[in-house]
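Participant: Before I ask anything, let me first share the structure, which is written out below as structure tokens.
The values are calculated or read from the model by the stated rules, or taken from the named source; none is laboratory data. Bear in mind that the values here come from a model prediction, so they are computed numbers and not experimental data. So basically every Cβ, Gly included, is an ideal-geometry build from the backbone, and we count neighbours across all protein chains shown.
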Amino acid sequence: MSFRLRFFVIAAAIAAFSLQGCSGREAPKGQAQDGPQKKAEAVKISSGTIEARTIERTVVATGTLSGWDETVVSAEAPGKVVEIRADLGDRVRKGDMLALLDRTEAALLLDQARAAHQTSLKALLRERARLDEARTNHGRYEELFKREMVSAAQYDDMRTRLDVASAQFHQAEAASDEASARLRLAEKRLADTAIRSPMDGEVAKRAISEGEYINDKAEAFTIVSTATLKFRGTVSETSAPIVKPGQTVRISVEAYRDRAFNGRVTRVSPSVDAKTRTLEVEASLPNPGGELKPGFFARSIISTGREPGVAFAPKGAVYSFIGVNKVFLVEDGKAMERTVSIGTEDNGMVEIKGQDIAPGRKVATSNLPGLFDGAEVEVKE
């Protein structure tokens, strides 16, 4: 064996002996070699109490305001526009004149119809007198015929005259009815030269101008009813079971950010839109001052009812980590971890739902990151 190899063997033996001696040394005096660990100290925390509160449940809907009614007013007769009496934005009432057409021809036709009607009435009166005379004569001849004082030929002649007078009277009566109908038609044509509003509202559009010739049925004005507006919006399909007609609505618009307008749900769609998974709702919104305008984008809060006994905890009692919300109940000096879901916030308190969550129970409100299920805690006064 070479000298170098012998040196490495001796060095290895010395090292092994040294390690064996160290492992057999006694522990320092007063220190246990394998003694129990020291008991963990209690985590100092502050606490709060879960409260029971009555809250108003709401559903948010977004949509658009529109007029309660909207109608296009058309000209009922052709003619030249001679006067415009209402324009964009004007408030009108039902029956108000919006525009006037040239009524010269219509007035002449009305005069003609009135004259014809008067003539027919006079003819009717004349034929009525003839019929009455024929009836009288017929009655007289009938009595004479019964007494055999007139011949059958004379009696038949008188009866024929009665039939002729009756037919002429009915003809005059039909002519009078026809003249009356023509008179009413002429009156309507004259009235149709005035374009009138069919309802209370505001002029949203004027489609005609003074001096223009328009045909019948031509669009003239668009009237929108604005005393009451209609809100049309959508809510998520999860809200379908709780949104019902009659519920109150608070509506806000960008034009009046510091105000809310109260309305009421009037209609709820019977089906959910398969594409958007939303439910359409309608609400009526009083607008006596006309401040709200059709077309406004609106956000509504629908009140679906009040719920008592809802558990609220101090906001500082909720510990959130990677999307999971937890609270630590405190009982008998220990912390009990509970996973919760959170809801509405109210003046520093937050709604919580979960296992064993009940009003009156204590929850930790500080040092939450240092707590775990079963941790010893000491509540600071």
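Participant: Checking the conditions here, which among Gly316, Gly360 is under 29 Å from Ala42 (Cβ atoms) and assigned to a loop (DSSP other than H, G, I, E, B)?
Facilitator: Step by step, each of Gly316, Gly360 is checked, and only Gly360 is under 29 Å from Ala42 (Cβ atoms) and assigned to a loop (DSSP other than H, G, I, E, B).
Participant: Same structure, new question: Restricting the stretch 52-81 to residues that are under 13 Å from the mean Cα position of the chain (by Cα) and polar (S, T, N, Q), which is nearest to Pro308 (Cα to Cα)?
Facilitator: Thr62
Participant: Return the total of residues in the stretch 278-303 being part of a strand (DSSP E or B) and either in contact with a Cys (Cβ under 6 Å, 6 or more places away or on another chain) or free of Cβ contacts under 8 Å to residues at least 12 places away in the same chain (or both).
Facilitator: 0
Participant: Among the residues of the stretch 109-145, which ones are surrounded by fewer than 13 Cβ atoms within 10 Å (Cβ to Cβ) and acidic (Asp, Glu)?
Facilitator: Asp111, Asp132, Glu143
Participant: Let me spell it out: the conditions are (1) in the same structural domain as Val363 (by TED's automatic domain parsing); (2) of a type in the set (Asp, Glu); (3) under 30 Å from Val268 (Cα atoms), and Glu291 meets all of them except one. Which number is the exception?
Facilitator: It fails just one condition, (1).
Condition check ((1) modelled with pLDDT under 90; (2) within 23 Å of Val60 (Cα to Cα); (3) outside any loop (DSSP other than H, G, I, E, B)) across all residues:
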residue: Thr228; (1), (2), (3): no, yes, yes
residue: Lys244; (1), (2), (3): no, yes, no
residue: Asn262; (1), (2), (3): no, yes, yes
residue: Ser271; (1), (2), (3): no, yes, yes
residue: Gly305; (1), (2), (3): yes, yes, yes
residue: Phe312; (1), (2), (3): no, yes, yes
residue: Asn325; (1), (2), (3): no, no, yes
residue: Thr339; (1), (2), (3): no, no, yes
